[in-house]
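Worksheet: the structure to be examined is printed underneath.
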Amino acid sequence: YMPVFNALTKPVMDVGNEDGRLATINFEGVVTPFDQMVQVSVFIGLLLSCPVWLYQLWAFITPGLKTKERRIALGFMGASVPLFLGGVVLAWLLLPSAIEVLTGFTPEGSANVITATVYLAFVLRLMLAFGIAFLIPVVLVGLNMTGILPGKVIIKYWRITLFLICVFAAMAAPGGDALTMFYMAAPLLVLFGVAVGICLLNDKRRARRNAAREASVGETADTATPVENL
């Protein structure tokens, strides 16, 4: 817990050391340090166990899938873990810049005495929101692989999709500020573009496979016609 806590609070301490003004984390209650220890420890456990609970999410729908679809679901699970962790890492890397910019609006002569409960909740929700947001492209590709959501439909409603991504980023951003929303929306838009490309390629492959199947059925019918006439 202590190494993680020190790393999470380092951006605030750096603001105080570099700008020469008071910036610190405050524990306002007697039991607050213990409460924050439990909260951060649970979050660490959530990150370390993400391969397990992400697999359980996919395993929930696996009994209703065919053998080929199960292999696809397993591939999705393999993609979900690095994407979720990638979102958390991105939030970790952007945290110092976000803290520096947001605390830069503090009026001169004032101090940033931030409550530990508020700060840690902000940081943990930020990382969790980034991790979950990075799973959205996997959901889009999964729906496309099952034939529920064609790539052309996504392209047709791309304006609505971009609007929904921005709304999601605004709602998921713990701080409610434009900077955090932009940090979340930008990579989501990139991943959305990649997911759309994969969906379109899969649609073309499915169309070629269906055309080849129909041609094979037609050739079989033509071959069987003389035998039926005899």
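The fraction of accessible area contributed by carbon and sulfur in the chain is 70 percent, rounded to a whole number (1.4 Å probe; ligands and nucleic acids excluded). Compute a Gaussian network model of the chain, connecting alpha carbons closer than 10 Å, and tell me which residue from VAL113, VAL30, VAL40 fluctuates the most. Between VAL113, VAL30, VAL40, it is VAL30 that shows the largest mean-square fluctuation. Using the Cβ of ILE155 as centre and a radius below 14 Å, the other residues enclosed give a net charge of +3, where K and R count +1 and D and E count -1. Just check segment 29-108 against the gyration tensor rule for me: Cα atoms, a ≥ b ≥ c as the square roots of the eigenvalues, rounded for a/c under 1.5, and otherwise prolate or oblate depending on whether a/b exceeds b/c. Oblate, since a/c reaches 1.5 and b/c is not below a/b.
Here are labelled values, (1) 28, 23, 15; (2) 37, 20, 17; (3) 51, 20, 11, and one is the computed semi-axes √(5λ) of the Cα gyration tensor in Å for what I pasted. Which one? Given (1) 28, 23, 15; (2) 37, 20, 17; (3) 51, 20, 11, the calculated one carries the label (3). Among the chymotrypsin sites (Phe, Trp or Tyr not before Pro) in segment 1-99, those placed in a DSSP loop whose Cβ has at most 14 other Cβ atoms within 10 Å are TYR1, PHE27. Modelled spin labels at ILE148 and ILE61, positioned 7 Å past Cα toward Cβ, are 0.4 nm from each other. Solvent-accessible surface of the chain, taken per residue with a 1.4 Å probe and all protein chains present: 60 Å².
For the pair LEU162 and VAL190, the difference between a 0.36 nm per residue extended length and the Cα-Cα distance amounts to 9.0 nm.
The values are calculated or read from the model by the stated rules, or taken from the named source; none is laboratory data. Since we're looking at a predicted model, the values are computed, not measured. Note: ideal-geometry Cβ built from the backbone for every residue, glycine included; neighbour counts use all protein chains shown. Note: areas computed on protein heavy atoms with side chains; ligands, DNA, RNA excluded. Shrake-Rupley method; radii C 1.70, N 1.55, O 1.52, S 1.80 Å.
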